[in-house]
1. Are there any pairs, at least 6 apart or on different chains, whose C-beta atoms fall under 7 Å, with the first in region 1-24 and aliphatic (A, V, I, L, M) and the second assigned to a loop (DSSP other than H, G, I, E, B), and if so, which?
2. Would you check if Y69 is without any contact (Cβ under 8 Å) to a residue 24 or more places away in the chain and aromatic (F, W, Y)?
3. Would you check which residues across region 29-73 are over 17 Å from R9 (Cβ atoms) and among the charged types (D, E, K, R) and list them?
4. Could you please give the count of residues in region 10-52 that are of a type in the set (D, E, K, R), under 16 Å from L66 (Cβ atoms) and under 19 Å from the mean Cα position of the chain (by Cα)?
5. Name the residues in region 97-113 that are modelled with pLDDT of 85 or more and either crowded, with 20+ Cβ neighbours inside 10 Å or in the same structural domain as A50 (by TED's automatic domain parsing) (or both), would you?
Amino acid sequence: MDASDLDYRARTRSGCIPPELASRLLERGHVDVVEVQARRGEWFCALAWARLAGAQGRQADALGVLAPYLATGWWRAVVATAELLEGWGRIEEAIVHARNHPGGADSYAASAIARLLADAGRAEEAVTVLRQHGHTDSRALAGYLIDLGRIDDALAVLQRPRPRRPTALAYGPWHDGRPF
């Protein structure tokens, strides 16, 4: 398994079993088919199967089927696993899992870690994580500031002017204005 390939297939839903079909297979009782496909690298099958196994009290099995996806370092798998842990009432474990996973310094990871922290009642720490990763004008930051009761700070973040996108004139008359 390769994180780049997993990410591409999940984003484009090409070359994979989409989540709707994985869910339909489970609804029709084809749990064994979904499990086999999950173990063959079908992300949406793995996620659907892990959710089902966790709901049935088989949390170790659920985490086991996600382990190969986590081993790639793919953040979507890290976040999904953290969300499962959180749903099972294991929020502190979810936070440790997300924070200690390689690649936790990117923007997507910071948002996921901040959400977990805020859900655990640690909104101030969530704000710090977002600010450390450059989320100084994000809606997520404003949301966490509201959770802390810092309404004026949240409004200031939301009302801060955003940089304008370059226009065709910025590149010269030969450019059509689209990003390079």
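The values are calculated or read from the model by the stated rules, or taken from the named source; none is laboratory data. Only a predicted model underlies this, so the values are computations on that prediction, with no experimental measurement involved. Ideal geometry is used to build each Cβ from the backbone, glycine not excepted, and the neighbour counts take in all protein chains shown.
1. Final answer for the pair search is M1/G41; M1/T72; A3/T72; A3/G73; A3/W74; L6/T72; L6/W74; I17/E42.
2. Values: without any contact (Cβ under 8 Å) to a residue 24 or more places away in the chain: no; aromatic (F, W, Y): yes.
Taking the combined requirement at face value, the residue does not satisfy it.
3. Matches in region 29-73: D32, E35, R51, R58, D61.
4. Let us first name the residues in region 10-52 that are of a type in the set (D, E, K, R), namely 11, 13, 20, 24, 27-28, 32, 35, 39-40, 42, 51.
Within this subset, residues satisfying the condition of being under 16 Å from L66 (Cβ atoms) are 35, 39-40, 42, 51.
Narrowing the set further to residues that are under 19 Å from the mean Cα position of the chain (by Cα) leaves 42, 51.
Here the count works out to 2.
5. H97, A98, I113 - these are the residues of region 97-113 that are modelled with pLDDT of 85 or more and either crowded, with 20+ Cβ neighbours inside 10 Å or in the same structural domain as A50 (by TED's automatic domain parsing) (or both).
Residue-wise test of (1) at negative phi; (2) of a type outside the set (V, I, T).
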position	(1), (2)
R115	yes, yes
A120	yes, yes
V127	yes, no
Q132	yes, yes
G149	no, yes
A154	yes, yes
V157	yes, no
